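A.B. asks: Structure in structure tokens, see below.
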Amino acid sequence: MKPLHAYFACLLCALMVVGTGRTEAATVTFAADEWCPVNCVPGSARPGYMVEIIRAILEPQGYDVRYVTVNWARALLYTRSGRFDAVLGALKGDAPDFIYPDLPQGETEVGLFVRASSSWRYLSEASLANQRIGLIRDYAYGEELEKLITETARPSYAGGDHPLKLNILQLQAERIDIVVEDVNIFRHTASEMGLSGAFKLAKTFSREDIFAAFSPNGARSRQLAEQLSAGMADLRTSGELQRIMSRYGLDDWLAPPDQQTPGN
């Protein structure tokens, strides 16, 4: 018979192994480049409305939600390989092989921004002819718009950790003529850079759903996607979704106009 202290030591080791395994299994890591207000600075008081939505759904179910920032190309690469569980703020065109919830975690409205002093106007597709247009490498902008830009304009692609800021500076310096970006995200970033009055919105295109998109190689991906979809319905019904969106000066994207906050 083993001494009693040896028995308890073995029991403690076993509990530590089980506990460690359970903690690791419950951790879900989301990655993206900073795209505020969708996903902002990790660890901040306002990490982004999509980060808060995901935490509100998954943390009560026992998951440890972690959010890290890397450039978008690496976020897609590392998530596809299984190093991360999911990316944030994805259109289905960003990664068609990923696993998407049935219900989206946000919405994007793509706009064309020009310098405030610009006389350029969008009248038709021909208006884009020979315009130098700032885009972000590996972003999806919608098949129709991407085709239009490729066929008629002069696209310029920014990469790295802060590609939108680079495009904004290029636009300010007159090295490009137009920046294509989500309306809320461009305005937030320009304001953060102290350039709110330097640009104007020249044209908006159709709205599209954005998602937390899960790794095609993740064993839990389908389960997590299903849990997010179910949780979105619950958050919307309870009013918690609107409370989260209000923290960023926004409304639930499905709220009827008469229920939206004036100015949002």
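A.B. asks: In the chain, if every C-alpha pair distance is counted and binned at 10 Å from zero, what percent goes to each bin?
C.D. replies: Going out from 0 Å in 10 Å bins, the chain shows 6, 27, 31, 20, 8, 4, 2, 1, 0 percent.
A.B. asks: How much net charge surrounds K200 when only other residues with a Cβ under 12 Å from its Cβ are counted (Lys, Arg +1; Asp, Glu -1)? Kindly include the intermediate steps, with their values, before the conclusion.
C.D. replies: Working: positive: R115, R121, R187, K203; negative: none.
Within the 12 Å Cβ shell, the charges total +4.
A.B. asks: If you don't mind, there's one more thing I want to ask. Most fluctuating residue of G106, G159, G43 in a GNM of the chain with Cα springs under 10 Å: which is it?
C.D. replies: The residue that fluctuates most here is G43.
A.B. asks: Next question, about the same structure. With θ set to phi - 60° and the Karplus curve 6.51 cos²θ - 1.76 cosθ + 1.60, what are the ³J(HN,Hα) couplings of the stretch 38-53 in order, to the nearest whole Hz, using x for Gly and Pro?
C.D. replies: Rounded to whole hertz, the list is 5, 9, 10, 7, x, x, 7, 5, 10, x, x, 5, 5, 4, 5, 4.
A.B. asks: How big is D for the stretch 59-160, in µm² s⁻¹ as a whole number, if Stokes-Einstein is applied with the Kirkwood radius of its Cα pairs at 37 °C and 0.692 mPa s? List each step's numbers first, then the result.
C.D. replies: Values: Rh = 16.3 Å.
Reported coefficient: 201 µm²/s.
A.B. asks: Amide H neighbours of V65 under 5 Å, counting only residues 5+ apart in sequence or on other chains, H built in-plane at 1.01 Å?
C.D. replies: V28
A.B. asks: Separate question: Using the Kirkwood formula on the Cα atoms of the stretch 154-250, what hydrodynamic radius do you get, in angstrom to one decimal? Don't jump to the answer; show the numbers that get you there.
C.D. replies: Values: mean 1/r = 0.0602 Å⁻¹.
Result for the stretch 154-250, one decimal place: 16.6 Å.
A.B. asks: Related question: With charges only on Cβ, +1 for K and R and -1 for D and E, what is the dipole size of the chain about its Cα centre, in debye, rounded to 20? Don't skip to the answer; put the middle values down first.
C.D. replies: Working: 26 positive and 32 negative charges, 138 e Å.
Value, rounded to 20: 660 debye.
A.B. asks: Rolling a 1.4 angstrom probe over the protein chains, ignoring ligands and nucleic acids, what is the accessible area of D209 in square angstrom, nearest 10?
C.D. replies: For D209, solvent-accessible area is about 70 Å².
A.B. asks: Something else: What does the charge add up to near P155, with Lys and Arg as +1, Asp and Glu as -1, over the other residues with Cβ less than 12 Å from its Cβ? Write down the numbers at each step before the final one.
C.D. replies: Details: positive: R132, R137, K147, R154; negative: E146, E151, D177.
The answer is +1.
A.B. asks: Could you tell me what percent of the DSSP beta bridges with both partners in the stretch 51-206 are antiparallel, to the nearest 5?
C.D. replies: On the way: 9 of 16 bridges.
Of all bridge pairs located within the stretch 51-206, approximately 55 percent are antiparallel.
A.B. asks: Quick one: what do you get for the stretch 91-229 if you divide its Cα Rg by 2.2 N^0.38 Å? Walk me through the numbers before you get to the answer.
C.D. replies: On the way: Rg = 16.5 Å, N = 139, 2.2 N^0.38 = 14.3 Å.
It is 1.15.
A.B. asks: Around N217, what is the net charge, scoring Lys/Arg as +1 and Asp/Glu as -1 over all other residues with Cβ under 13 Å from its Cβ? Mind showing how you got there, number by number?
C.D. replies: Numbers: positive: R80, R83, R220, R222; negative: D85, D97.
Here the charged neighbours net out to +2.
A.B. asks: Could you go through the stretch 137-145 in sequence order and give the Karplus-derived ³J(HN,Hα) for each residue, using 6.51 cos²θ - 1.76 cosθ + 1.60 with θ = phi - 60°, rounded to whole Hz, and x for Gly and Pro?
C.D. replies: 4, 6, 7, 9, 10, x, 4, 5, 5
A.B. asks: Once both axes come from the Cα atoms, what is the angle between helix 72-81 and the longest principal axis of the chain, in degrees from 0 to 90, rounded to 10?
C.D. replies: 40
The values are calculated or read from the model by the stated rules, or taken from the named source; none is laboratory data. Just so you know, these numbers come straight off a predicted model, no measurement behind them. Don't worry about glycine lacking a Cβ; one is built from the backbone with ideal geometry, like all the others, and counts go over all protein chains shown. The protein model used for the area step is the full one, side chains on, heavy atoms only, and it has no ligands, DNA or RNA in it. Shrake-Rupley method; radii C 1.70, N 1.55, O 1.52, S 1.80 Å.
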